[in-house]
Amino acid sequence: MNTMLRKSVLGVAGLAFAGGMFAGPVAAQVDGAALGAGKSVAAVQADKPDTSRLVPHGVQGAQSRIDLDAEQTANVKAIIAATKKAGMDERAAVVSIATALQESKLENLGHLGDRNDHDSQGLFQQRPSSGWGTVEQITDPEYSTTAFLKGLKQVDGWQDMPLTQAAQTVQVSAYPDHYAQWEQQAADLVTQHWNS
């Protein structure tokens, strides 16, 4: 063990013994073998999402990507904020953003007239006639995200499902496999904006 590290460890041990406790919380448990082997130990900051949790199964199939404008980026941030407010993690945000990318390209769509899929509107193309809420509600990004997440929470084991299966279980789309193509961009957006 190098001298400086040994002095640090002994100094902390001395403080603990003399004071009866550490001054502040312990950030991480250090493996004694790592210290004995002279390996450096670093604390990990949680300022970025854990990428292994964002895409736990790897992306499924060919991936699509679009450039986002200011409105679409604001909608990404609104989805992330609503996800945090609902007490859900980064994976839930990835599923939500990928779903909104497929449904609306992250545009808060109103009624599209003849091009409308029934009465679908908003980021998630939710339908008032199917009980998602009023037009005013489902065209509010926070409300529509919260409604989507409420549905996702009711899917047993959604955390362990491929993204497209979890999204499809909530959305009941005529094109159930289309959500998968947005998983990488959704994960990238969560990584970029989770703490912004």
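The values are calculated or read from the model by the stated rules, or taken from the named source; none is laboratory data. Computed from a predicted structure; not experimentally measured. So basically every Cβ, Gly included, is an ideal-geometry build from the backbone, and we count neighbours across all protein chains shown. These area figures cover heavy atoms from the full protein model, side chains too; ligands, DNA and RNA do not enter into them. Shrake-Rupley method; radii C 1.70, N 1.55, O 1.52, S 1.80 Å.
Of the residues in segment 82-102, none is without any contact (Cβ under 8 Å) to a residue 60 or more places away in the chain and in contact with a strand residue (DSSP E or B) (Cβ under 8 Å, 6 or more places away or on another chain). Considering the conditions (1) in contact with a Leu (Cβ under 9 Å, 6 or more places away or on another chain); (2) in contact (Cβ under 8 Å) with a residue 40 or more places away in the chain; (3) open to solvent by 10 Å² or more (accessible area, probe 1.4 Å), Glu142 is excluded by exactly one of them, (1). The single condition among (1) modelled with pLDDT under 80; (2) closer than 21 Å to Tyr175 by Cβ; (3) open to solvent by less than 80 Å² (accessible area, probe 1.4 Å); (4) in contact with a strand residue (DSSP E or B) (Cβ under 7 Å, 6 or more places away or on another chain) that His111 does not satisfy is (3).
Considering every residue within segment 184-193, establish whether at least one is out of contact with any Gly (no Cβ under 7 Å at 6 or more places or on another chain) and over 22 Å from Ile66 (Cβ atoms). Steps first, please.
Let us first name the residues in segment 184-193 that are out of contact with any Gly (no Cβ under 7 Å at 6 or more places or on another chain), namely 184-193.
So of that shortlist, the ones also over 22 Å from Ile66 (Cβ atoms) come out as none.
No, because not a single residue in segment 184-193 is out of contact with any Gly (no Cβ under 7 Å at 6 or more places or on another chain) and over 22 Å from Ile66 (Cβ atoms).
Among the criteria (1) of a type in the set (Phe, Trp, Tyr); (2) open to solvent by 20 Å² or more (accessible area, probe 1.4 Å); (3) more than 14 Å from the chain's Cα centre (by Cα), the one Tyr179 does not fulfil is (2).
Answer yes or no as to whether Asp156 is surrounded by fewer than 20 Cβ atoms within 10 Å (Cβ to Cβ) and within 15 Å of Val59 (Cα to Cα).
On the way: surrounded by fewer than 20 Cβ atoms within 10 Å (Cβ to Cβ): yes; within 15 Å of Val59 (Cα to Cα): no.
Answer is no for this residue.
Quick one: Val190 ticks every box in (1) open to solvent by less than 40 Å² (accessible area, probe 1.4 Å); (2) of a type outside the set (Gly, Ala, Ser); (3) more than 17 Å from Ala78 (Cβ to Cβ) except a single one, so which number is it? It is condition (3) that Val190 fails.
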